[in-house]
Amino acid sequence: MKYFIANWKARITADQALDWSKEFSDKVAVDTALQLALNNDKIRIVICAPFPFLFLLKDKFSHSKNIFLGSQDISPFDEGTYTGEVTAKMLQGTIRYSLIGHSERRHFFNETEEMIGRKIEQACSHGIEPVLCVRGPEDKIYSTVKIISYEPVGAIWPGKNEDPAKTVESKHKLSLPPDRVFIYGGSVDASDIRSYTATGEIDGFLVGNASLNPADFYQTIVNGQL
């Protein structure tokens, strides 16, 4: 199975999110090849929207197999007196996945391995599958996490994707167990995604800027099905 994960970050309004979901759903609905791939478990699509929009979108993709919602982060705390936090318990039943340890969270919010480990524990305890984002072998790989998203910092700032051969080399340096899912998350789009899938060693993609436009994200998925 190949994963295509959209990360809207903090760049879409509520109205835009609803328009996005309609346009994207319409494109998927009329693409028989894509429908077949979804129904046969060849691909899985995850839309990581900002917290306020997850409940707006909850029913938008419920009719489609292998299209799920995800969060861009999750609280390291369970329920309690943690004003402003969005916990795994709150999101249980709404999302299937959560990004954890994204490089922007590590950089701008000073997230530590202790915090990341607690977030993973919370997600797993409430039936949410964590997508662990790592920058390289310096970041911890947790035994409870199946999906590892490699996002080289140089590919996010200033937005230049990493050479596919270097990505494969970096994958090997992570020394992942064979049952892990390795996805690439560094400024990939419809124009270059085939060069990554052609390596045969990348199980999916975490798509940032190219997911903001539903047509661009759709085309990225179509081009990435190898």
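The values are calculated or read from the model by the stated rules, or taken from the named source; none is laboratory data. None of these values were measured; they are calculated from a predicted model. Because the Cβ atoms are built from the backbone with ideal geometry, glycine has one as well, and the counts that use them run over all protein chains shown.
The set of residues from the stretch 182-212 being in contact (Cβ under 8 Å) with a residue 60 or more places away in the chain, of a type outside the set (Asp, Glu) and more than 18 Å from residue 72 (Cβ to Cβ) comprises just one member, 197.
Residues are listed down the side, and each one gets a yes or a no for (1) modelled with pLDDT under 95; (2) of a type in the set (Phe, Trp, Tyr); (3) touching a His at 6+ places or on another chain (Cβ under 7 Å); (4) under 20 Å from residue 74 (Cβ atoms):
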{"site": "26", "(1), (2), (3), (4)": "no, no, no, no"}
{"site": "31", "(1), (2), (3), (4)": "no, no, no, no"}
{"site": "34", "(1), (2), (3), (4)": "no, no, no, no"}
{"site": "37", "(1), (2), (3), (4)": "no, no, no, no"}
{"site": "42", "(1), (2), (3), (4)": "no, no, no, no"}
{"site": "48", "(1), (2), (3), (4)": "no, no, no, yes"}
{"site": "51", "(1), (2), (3), (4)": "no, yes, no, yes"}
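For the subset of the stretch 207-226 comprising residues that are within 19 Å of residue 37 (Cβ to Cβ) and touching a strand residue (DSSP E or B) at 6+ places or on another chain (Cβ under 7 Å), which member is surrounded by the fewest Cβ atoms within 10 Å (Cβ to Cβ)? So the residue we want is 225.
Taking the numbered list (1) surrounded by fewer than 22 Cβ atoms within 10 Å (Cβ to Cβ); (2) modelled with pLDDT under 95; (3) farther than 30 Å from residue 26 by Cα in turn, residue 155 passes all entries but (1).
Applying the condition of being among the basic types (Lys, Arg) and within 16 Å of the chain's Cα centre (by Cα) to the stretch 128-157 and asking which residue is farthest from residue 78 (Cα to Cα) yields 135. The requirement of being in contact with a Pro (Cβ under 6 Å, 6 or more places away or on another chain) and either surrounded by 15 or more Cβ atoms within 10 Å (Cβ to Cβ) or over 28 Å from residue 119 (Cβ atoms) (or both) is satisfied by residue 20. For the stretch 123-149, filtered to residues that are closer than 19 Å to residue 206 by Cα and among the acidic types (Asp, Glu), the residue that is surrounded by the fewest Cβ atoms within 10 Å (Cβ to Cβ) is 129.
One line per residue, one yes/no per condition, for (1) part of a helix (DSSP H, G or I); (2) modelled with pLDDT under 95:
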{"position": "18", "(1), (2)": "yes, no"}
{"position": "45", "(1), (2)": "no, no"}
{"position": "62", "(1), (2)": "no, yes"}
{"position": "75", "(1), (2)": "no, no"}
{"position": "81", "(1), (2)": "no, no"}
{"position": "89", "(1), (2)": "yes, no"}
{"position": "98", "(1), (2)": "no, no"}
{"position": "111", "(1), (2)": "no, no"}
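Taking the criterion of being touching an Asp or Glu at 6+ places or on another chain (Cβ under 7 Å) and in a loop (DSSP other than H, G, I, E, B), the residues of the stretch 118-142 that qualify are 135, 140.
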